[in-house]
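Take a look at the structure below.
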Amino acid sequence: MSSAPVKAPTDLPADVRLDRAPFVPPEYARFLYGLVGGPWHWTDRLEWPRSRWEDDLSVVGTEFHILYKSGVPVGYVHLQPLENADGSHVEIRYFGLVEAVIGQGLGRPLLEHAVAAAWSLAERFALPEVTRVWVHTCTLDGPSALANYQARGFVVCAAETSQQEGSGSAAGSWVSTGGPAER
């Protein structure tokens, strides 16, 4: 996405709130990653040591937007900028909802709010103006992920085909957040 949307984000339902968190401790970041990503094969960061989480989260401009329903987290967005010659490029590093709320119409407004937050990141941090917002997705993400990104203004810039080893059953949120595997 090379320009900010002109339309304001869709309002969230009355029983849902979105909190901006400019600092998230590694434990909570890992929890959100496992909670949302467990059903979708998000495994690459589960083995990271705490120090690597700290390093990743310490990048200036990194922030989380956490979606809550009835007081519990039901989704999140992890934004992280990268300074380039033409300004800041902001990656939507992670975006998603917990399985229990998928299909309740929360993906659209969460992504719209995330995109607006990404484009305004330089207003909150000592960063050059944002000139690009981008996201990676793959077939292991939710079935509506790509369509949601495209409907919000993202365009496909590249596509790759690769085999991922061990892409059978996903670990699920329970195991991905540290719970023991059922036997």
- Query: Quick one: in segment 64-108, which of the residues that are open to solvent by less than 20 Å² (accessible area, probe 1.4 Å) and of a type in the set (Ser, Thr, Tyr) is farthest from Trp42 (Cα to Cα)?
  - Reply: Ser88
- Under 9 Å between Cβ atoms, at least 6 apart or on separate chains: pull out the pairs that start in segment 96-117 with a residue that is in contact (Cβ under 8 Å) with a residue 60 or more places away in the chain and end on any residue that is acidic (Asp, Glu). Gly96/Asp141; Pro109/Asp11; Ala117/Glu63
- Message: Against the definition (surrounded by fewer than 19 Cβ atoms within 10 Å (Cβ to Cβ) and on the phi > 0 side of the Ramachandran plot), how does Gly61 come out, yes or no?
- Response: no
- Query: Any idea which of Val24, Val6 is among the aliphatic types (A, V, I, L, M), closer than 25 Å to Pro128 by Cα and buried (at least 16 other Cβ atoms within 10 Å of the Cβ)?
  - Reply: Val24
- Please note which strands (runs of 3 or more DSSP E) are completely contained in segment 1-104 and include at least 2 residues that are charged (D, E, K, R). 16-21, 63-69, 87-97
- Message: Among (1) among the hydroxyl-bearing types (Ser, Thr, Tyr); (2) out of contact with any Pro (no Cβ under 8 Å at 6 or more places or on another chain); (3) at pLDDT below 95, there is one condition Tyr28 misses while meeting the rest; what is its number?
- Response: (3)
- Task: Can you tell me which residue among Ala147, Ala170, Ala118, Ala181 is under 16 Å from the mean Cα position of the chain (by Cα), open to solvent by less than 70 Å² (accessible area, probe 1.4 Å) and under 28 Å from Glu47 (Cα atoms)?
- Result: Ala118
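The values are calculated or read from the model by the stated rules, or taken from the named source; none is laboratory data. What you are looking at is a predicted structure, and each value in this text was computed from that prediction instead of being measured. Every residue, glycine as well, gets a Cβ built from its backbone with ideal geometry; the counts of neighbours run over all protein chains shown. Note: accessible area is taken over every heavy atom of the protein model, side chains too, but ligands, DNA and RNA are not part of it. Shrake-Rupley method; radii C 1.70, N 1.55, O 1.52, S 1.80 Å.
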